[in-house]
Amino acid sequence: MRAMVLSLLIAVFLPGAALASPPPPARAVISVMVAKAINDPARQADRHADARRKIGAVMRFAEVKPGQKVLELIPGSGYFTRVFSAIVGPTGHVYALWPNEYAREDASGVAGSRKLAAQPHYANVSVLTQPADQLSAPAPVDLVFTSQNYHDYPDKFMGKVDPAVLNRQVFKALKPGGLWVIIDHVAPAGSGMADTDTLHRIDPAIVRKQVEAAGFVFAGQSQALRNPADPHTIKVFDKSIRGHTDQFMYRFRKPAK
């Protein structure tokens with residue numbers, strides 16, 4: 001049995017490496033819980049995307065643990081929501097947050113989140129809707145997570161939310177020591193936010209600068225979703241790159257004191 005578990009963990013987590021990872025004992029606990037969540041029969045329909053989306057590496061990087069509270073911004077199809085739910089378990093909670101402005105563009109996504117939260121298997125999930133520039137959580141959370149949506153906030157359809165406002169509100173929503181994990185499509189170096197509304201990309205350097213300005217401490221990055229073949233100059237929906245864009249994964253920590 002131990003050999004089988006070891007083989008499973010190797011298969012799930014070998015792709016991608018994270019910097020500034022937790023110490024070995026914590027890493028082992030996280031790995032076991034993530035592997036169990038990934039193999040939850042309730043998410044069978046998602047399994048085809050796991051290798052491409054590096055779900056094991058992403059969840060391990062986010063350091064999600066049983067009993068935690070997670071705030072997921074713009075949860076899309078619920079792909080990550082289902083895994084978060086399984087990891088935090090019955091003593092934890094997942095808040096699937098849809099900004100009102102984004103919800104108007106993706107009514108089916110919001111409906112999907114509500115349908116998921118209504119299922120007994122996902123009783124620890126609840127759906128929040130609120131203005132994009134007024135992010136808040138019902139209770140302090142351990143993790144705020146967003147995938148491929150940080151770049152949307154400054155765009156016109158979202159009300160041109162100042163990233164400084166977003167990051168300050170995330171900081172306030174987190175418990176001391178909590179994490180802010182951001183995954184997004186890479187734009188050309190030095191481009192800042194010039195491509196957020198055109199190519200749907202953002203320069204990783206400007207993201208780090210913006211988040212650290214809110215008081216966060218940079219706590220690591222992962223190469224799991226990087227793709228050097230992406231030219232960074234085409235729209236992320238272009239059929240030649242869709243689903244395989246070069247993506248950065250950053251982790252920031254709210255200081256414990």
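Throughout, read-outs are computed from the coordinates displayed, never taken from laboratory work. Because the structure is a prediction, the values reported are computed rather than measured. Cβ coordinates were reconstructed from backbone atoms using ideal geometry, including for glycine residues, and neighbour counts include every protein chain displayed.
Here are a few things to note about the model shown:
- Given LYS69/LYS160; LYS175/LYS254; LYS69/LYS254, the pairs whose alpha carbons are separated by over 18 Å: LYS69/LYS160
- Near THR196, once Lys and Arg are set to +1 and Asp and Glu to -1 for all other residues with Cβ below 9 Å from its Cβ, the sum equals -3.
- Tensor-based shape of the range 18-171 (alpha-carbon gyration tensor, a/c under 1.5 rounded, otherwise prolate or oblate): prolate
- Residues SER85, SER191, SER108, SER126, arranged from fewest to most other Cβ atoms within 10 angstrom of their Cβ, appear as SER108, SER126, SER191, SER85.
- Geometric descriptor of the range 184-257, per residue, is 86 Å³ (volume of the convex hull of the Cα atoms).
- The GNM of the chain, with springs linking C-alpha atoms under 10 angstrom apart, assigns the highest mean-square fluctuation among GLN68, GLN148, GLN130 to GLN130.
- Gyration tensor verdict on the chain (Cα atoms; rounded if a/c is under 1.5, prolate if a/b is larger than b/c, oblate otherwise): rounded
- Counting neighbouring beta carbons within 10 Å and listing from fewest to most, the residues ARG104, ARG43, ARG208 come out as ARG104, ARG208, ARG43.
- In plain terms, the chain from PHE218 to SER108 could stretch by 36.1 nm, reckoned as 0.36 nm per residue minus the Cα-Cα distance.
- Cα-centre dipole for the chain with unit charges at Cβ (Lys and Arg positive, Asp and Glu negative), debye to 20: 780
- Two tests apply to each whole DSSP H helix in the chain, Cα reach of 20 Å or more along its axis and mean Kyte-Doolittle hydropathy of at least 1.0, and the ones passing both are 24-38.
- For LYS172, the aspartates and glutamates whose Cα falls under 12 Å of its own Cα, not counting residues fewer than eight places away in the same chain, are ASP142.
- Legend: ranking of residues TYR79, TYR153 from fewest to most surrounding C-beta atoms inside 10 Å; resulting order TYR79, TYR153.
- Value of [θ]222 nm, deg cm²/dmol, for the chain, DSSP H segments ≥ 4, -39500 (n - 2.57) each, nearest 500: -10000 deg cm²/dmol
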